[in-house]
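Engineer: Here it is: the structure, laid out below.
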Amino acid sequence: MQIEISPPLAAPLMESIRAIGYTAAMAVADVIDNSVSAAADEVDVLFVPSAEPYLVILDNGYGMSLADLKNAMRYGSRNPQEGREGTDLGRFGLGLKTASLSQCRQLTVISKQHGSVAACRWDLDYVQAQGNWALQILDATEWGKLPHVAKLSHLTSGTLVLWQNLDRLVESGGDRQRLFSKAMDDVREHLRLVFHRYIEGEAELQTLKLRMNGMALSAIDPLLRRRSARPMADEFLAIDDAKILVRPFLLPHVSQLSAAEIKNLGGKEGLRQGQGFYVYRHKRLVIWATWFRMIGKAELSKLVRIQVDIPNNLDHLWALDIKKATAMPPALVREQLQGIIEKLAACSERSWTIRGRKAVGDNNTVVWQRLQGREGGVYYQINRQHPMLAAWAGESGKLSLSLEALLSMIESHLPLQQLHVDLNKESNTWQNRDIDEQMLENILKNLLGQSSDNRRKSELLNKLAMAEPFNRCPKLIEQYRRLIG
Ligand SMILES: Nc1ncnc2c1ncn2[C@@H]1O[C@H](COP(=O)(O)OP(=O)(O)OP(=O)(O)O)[C@@H](O)[C@H]1O
Ligand SMILES: [Mg+2]
């Protein structure tokens, strides 16, 4: 026996689904996914943080007819199990409605296709009052008054999504204007990140011009692909006839990054937190900076970022959620990824070591040497070949007993355990103290004063110019070079 029960009540269901957990940034990105799927190469996000704030997402994609639009406004407009075009970023037939109405109470979509315009609206208060799934169809006099519709007339096809009555995006209480601007800042950073490959452009991908209130958004590439090393060859994982590309990157060492790059990577703390997998679903970043609980975020693996490219037909395996904000790799993929991260964590450790060794190889420049002990461990030693110590050692090449005793004491009391703890702290703001330039100058004067021969002085200056910490003060060295003449 079966009975057919009535369809879900519109207002309660729509109100409940609002709490699905979108942030403003995720919601805007979800709507832009539709623009990208509709082959748009220009998307404008337009807003005013006025007393009546609204937000518009306008694209030049292929648009919708009235019939398409009416269907698009339905919850569950497509079956998630249906196959999709490889370029379609959609899956559930929900995003347009759920993302939009998670932020606002009134969603209007105006779309143009083959010269004709169609407009539909979900208004939660209207639906509540009508007590049914009352979708409003707007006529030209109604949609003609809406903000930015004039821009649609310049396009051959396109879609304008308008959010009004932004009760969630701008919650009451507090400084609404400030909250709105802050939310828009988050939206901007999110879009620059999740669509970075579209903004940068790559083969077989439309290059996307993304603007917010007219300002073009530049990409934030969390993998710094142009500058990062590729420590191992790409791997391809074959699942259900589909291919997953896994491409590991090793970021340049922090000391090689510009201030802007460090900022884009979330600051020094973000740099460490940012290690992990970067999962792209048809080139759109969906999940990032996670090791899927396979390993912890260790200091040594902090430069590792692994690009994982999944096609859009493996969503069922990856347990993609409606917001497309979480997904877990299937067991088979996890196993293979585990193997890759092990190789790479080792690789990052090596790069760390190599960096140390390189410096050690160039024996005269570093203060600390990292050396291999006979039993296989490593230890640190103050570099006796450093030009400053070499100058103090003088002709004999030997340091005075008291200086040697002092250095040995420092070396044998390095607080290694504590350093390890500090370096691995989540809120790691640990750093060396700045160099005291005055003290350096005093040392420099003292060293130069030991010889009356200008040629020797000049040689010493050349060596010091390359050595820590003098290499960080080229002006000071230059000043003394001029004094010597
Ligand atoms: N900007 C747009 N241009 C053209 N068609 C669109 C646009 N936005 C939505 N559509 C159409 O409306 C449909 C419903 O969109 P919606 O975002 O609700 O679901 P989806 O994209 O299919 O899946 P998902 O829930 O995963 O986002 C889309 O499948 C698409 O056909
Ligand atoms: Mg969608």
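Engineer: Treating the angle as unsigned and between 0 and 90°, give the value, to the nearest 10°, between the Cα long axis of helix 474-484 and the longest Cα principal axis of the chain.
Structural biologist: Roughly 30 degrees, rounded to the nearest 10.
Engineer: Using a Förster radius of 56 Å, what is the FRET efficiency between Ile5 and Ser181 based on their Cβ-Cβ separation? Nearest 0.05, please.
Structural biologist: On the way: r = 46 Å, r/R0 = 0.82.
Here the calculated transfer efficiency is 0.75.
Engineer: Can you pull the Kirkwood radius for the range 10-216, inverse mean 1/r over Cα pairs, to one decimal in Å?
Structural biologist: Working: mean 1/r = 0.0579 Å⁻¹.
Computed over Cα pairs of the range 10-216, the Kirkwood hydrodynamic radius comes out at 17.3 Å.
Engineer: Step by step: find N for the range 235-351, compute 2.2 N^0.38 Å, then divide the Cα radius of gyration by it. What's the final number?
Structural biologist: Values: Rg = 14.4 Å, N = 117, 2.2 N^0.38 = 13.4 Å.
In units of the globular-protein estimate, the range 235-351 measures up at 1.07.
Engineer: Moving on. Heavy atoms of the protein only, probe of 1.4 Å, neighbouring chains included. What is the accessible area of Asp167 in Å², nearest 10?
Structural biologist: The value for Asp167 is about 50 Å².
Engineer: What ranking, highest mean first, results for peptides 323-330, 21-28, 337-344, 209-216 when packing means the other Cβ atoms within 10 Å averaged over each residue?
Structural biologist: Working: 323-330: 18.6, 21-28: 21.6, 337-344: 16.8, 209-216: 14.1.
Ranked from most to least packed, the peptides come out as 21-28, 323-330, 337-344, 209-216.
Engineer: For Val378 and Ala298, FRET efficiency with R0 = 22 Å and r from the beta-carbon atoms, rounded to 0.05?
Structural biologist: Numbers: r = 17 Å, r/R0 = 0.76.
After rounding to 0.05, the efficiency reads 0.85.
Engineer: Could you pull out which residues in the range 226-267 have an amide N less than 19 Å from a spot 7 Å beyond the Cα of Leu332, following the Cα-Cβ vector?
Structural biologist: 235-247
Engineer: 222 nm [θ] for the chain, helices only, -39500 (n - 2.57) per DSSP H run of 4+, per residue, to 500? Provide the component values of the computation, followed by the final result.
Structural biologist: On the way: 19 runs with 189 residues, N = 485.
So the calculated ellipticity at 222 nm is -11500 deg cm²/dmol.
Engineer: Local charge sum around His316 (other residues, Cβ-Cβ under 14 Å, Lys/Arg +1, Asp/Glu -1)?
Structural biologist: Working: positive: Arg84, Arg91, Arg281, Lys324; negative: Glu82, Asp240, Asp241, Asp315, Asp321.
Net local charge, His316 excluded: -1.
Engineer: Over the range 10-216, calculate the relative contact order: mean separation of alpha carbon pairs under 8 Å at least 6 apart, over the residue count, as a percent. Please list the in-between numbers first.
Structural biologist: Numbers: 379 pairs, mean separation 61.4, N = 207.
Relative contact order here is 30 percent.
Engineer: If you don't mind, there's one more thing I want to ask. Report, please, the projected area of the range 196-273 averaged over directions, based on the convex hull of its C-alpha atoms, in nm². Don't skip to the answer; put the middle values down first.
Structural biologist: Values: hull surface 29.6 nm².
Computing the convex hull of the Cα atoms and averaging its projections yields 7.4 nm².
Engineer: Taking only protein heavy atoms and a 1.4 Å probe, what accessible area per residue, in Å², does the range 235-351 have with all protein chains in place?
Structural biologist: 41
Engineer: A further question on this structure: Just round it to a whole percent: the fraction of Cα-Cα distances in the chain exceeding 34 Å.
Structural biologist: Values: 59962 of 117370 pairs.
Tail fraction, whole percent: 51.
Engineer: Can you compute the FRET efficiency between Thr141 and Arg211 using 1/(1 + (r/R0)^6), with r the Cβ-Cβ distance and R0 = 35 Å? Round to the nearest 0.05.
Structural biologist: Working: r = 29 Å, r/R0 = 0.83.
Step by step, r from the Cβ atoms, then E = 0.75.
Engineer: Next up: Which order do Phe180, Phe236, Phe92 take when ranked by solvent-accessible area (1.4 Å probe, heavy atoms of all protein chains), largest first? Mind showing how you got there, number by number?
Structural biologist: Values: Phe180 0, Phe236 120, Phe92 40 Å².
Putting Phe180, Phe236, Phe92 in descending order of accessible area: Phe236, Phe92, Phe180.
Engineer: Right, next: Tell me the chymotrypsin sites (Phe, Trp or Tyr not before Pro) within the range 98-154 that lie in a loop according to DSSP and have at most 13 other beta-carbon atoms within 10 Å. Could the numbers behind the result be given before it?
Structural biologist: On the way: sites: Trp122, Tyr126, Trp133, Trp143; in loops: Trp133.
Here no loop site has a sparse enough neighbourhood.
Engineer: Still on this structure: Rounded to two decimals, what is the ratio between the C-alpha radius of gyration of the range 368-484 and 2.2 N^0.38 Å? Don't jump to the answer; show the numbers that get you there.
Structural biologist: On the way: Rg = 17.0 Å, N = 117, 2.2 N^0.38 = 13.4 Å.
Dividing the Cα radius of gyration by 2.2 N^0.38 Å gives 1.27.
Engineer: Decide, for the range 125-209, between rounded, prolate and oblate: order the square roots of the alpha carbon gyration tensor eigenvalues as a ≥ b ≥ c, take rounded if a/c falls under 1.5, and otherwise choose prolate if a/b is larger than b/c, else oblate.
Structural biologist: Numbers: a/c = 2.15, a/b = 1.25, b/c = 1.72.
Oblate, because a/c is 1.5 or more while a/b does not exceed b/c.
Engineer: Sticking with this one: Using label points projected 7 Å from each Cα along Cα→Cβ, tell me how many nm separate Glu437 and Asp241, to one decimal.
Structural biologist: A separation of 6.8 nm, rounded to one decimal place.
Engineer: Follow-up question, since we're still on this one. Mind checking the full-extension length gain between Gln256 and Leu416? Use 0.36 nm per residue of separation minus the Cα-Cα distance, one decimal, nm.
Structural biologist: Numbers: separation 160, 0.36 × 160 = 57.60 nm, distance 2.54 nm.
Result for the pair: 55.1 nm of gain on full extension.
The values are calculated or read from the model by the stated rules, or taken from the named source; none is laboratory data. Remember, predicted model here, so these are calculated numbers, not experimental data. Note that each Cβ is placed from the backbone with ideal geometry, even for glycine, and that neighbours are counted across all protein chains shown. Accessible surface is based on the protein model in full, side chains and every heavy atom, while ligands, DNA and RNA are left aside. Shrake-Rupley method; radii C 1.70, N 1.55, O 1.52, S 1.80 Å.
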